[in-house]
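Here's the structure we're looking at; comments come further down.
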Amino acid sequence: MAEPSKTKGTIKFVVWTAIAAALISYLWIEYYNGTLVSWYYYKAKSDGWAVNANAFKDAGKDKPAVLQIGSFETIEGLQAVPVKKGDRLPANTNGIIDKKTVEEGKRVTLDGNTLKVTVPMQVKEAKGFKFKDTFKHKGIQTSEWGGAWCVAFILVLGFALGMMAEGFTDMCGLKLTKIKHYEGVH
């Protein structure tokens, strides 16, 4: 078998490095423009109010958080948007306060056009484990195609990085031999 050309190896390394860098840049852009987040916080799984749970994480019974209810495109601060099951969520949503929780009135109460959150986090126990129950990530349905896109992207990126590594070894003139595996004892 002929030795790989260092010139071809250099060209291969440069081309696949550029492709890998372009793929990583594309992923960075998709993350920072909010596309990947919108695929995770995609639809409402139940009827209720879409909220940004980070905005009222410090609320308490003595200092409740009062959320204004409205039809906002982007949730900023103490705002809530009414949603039905299957509705697309507004930007900056990271949780749903469902109608059942509001009807119970222990953690959240409905006062006219506002939601009053008094217990944003409580410790619960299930199957012997204690956990913090918050409104973050509750009632959220992710995009069906988001997971498939991520797997396909990782496969393409892995292929590009593998070809880049192969170009690097060819560029350096390294000849890697495969290890012979023997089955059983000889």
Each residue of the range 32-40 in turn: what ³J(HN,Hα) in whole Hz from Karplus with 6.51, -1.76, 1.60 and θ = phi - 60°, glycine and Pro shown as x?
-> 6, 8, x, 5, 5, 5, 5, 6, 6
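Normalised by the number of residues in the range 21-125, what is the relative contact order in percent for Cα pairs under 8 Å and 6+ residues apart? All intermediate terms of the calculation are to be shown ahead of the outcome.
Working: 186 pairs, mean separation 33.3, N = 105.
Answer for the range 21-125 is 32 percent.
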Taking the Cα centre of the chain as origin, work out the dipole magnitude from +1 charges on Lys and Arg Cβ and -1 charges on Asp and Glu Cβ, in debye rounded to 20.
-> 440 debye
Just how large is the dipole of the range 43-141 about the Cα centre, in debye to the nearest 20, putting +1 at every Lys and Arg Cβ and -1 at every Asp and Glu Cβ?
-> 440 debye
Sort out the exposed loop GluC sites (Glu not before Pro) in the chain (DSSP loop, at most 14 other Cβ within 10 Å) and tell me the longest stretch that has none.
-> 77-182
Rounded D (µm²/s) - the chain, Kirkwood Rh over Cα pairs, Stokes-Einstein at 37 °C, 0.692 mPa s = 160 µm²/s
Lys175: which lysines have alpha carbons under 20 Å from its alpha carbon, excluding same-chain residues fewer than 8 sequence positions away?
-> Lys6, Lys8, Lys12
Carbon and sulfur atoms: what percent of the 1.4 Å accessible area of the range 82-186 do they account for?
-> 60 percent
Sites Phe131 and Ile24 - FRET efficiency at Förster radius 41 Å, r taken between beta-carbons, to 0.05 = 0.70
How much accessible area per residue does the chain have, in Å², with a 1.4 Å probe?
-> 68 Å²
Nearest 10 degrees, 0 to 90: what angle lies between the long axis of helix 144-172 and the longest principal axis of the chain (Cα atoms)?
-> 30 degrees
Can you send over the solvent-accessible area of Ser46, 1.4 Å probe, protein chains only, in Å² to the nearest 10?
-> 40 Å²
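The values are calculated or read from the model by the stated rules, or taken from the named source; none is laboratory data. None of these values were measured; they are calculated from a predicted model. Note that we place each Cβ from the backbone using ideal geometry, even for glycine, and neighbour counts take in every protein chain shown. Quick note on the areas: whole protein, heavy atoms, side chains included, nothing else; ligands and nucleic acids left out. Shrake-Rupley method; radii C 1.70, N 1.55, O 1.52, S 1.80 Å.
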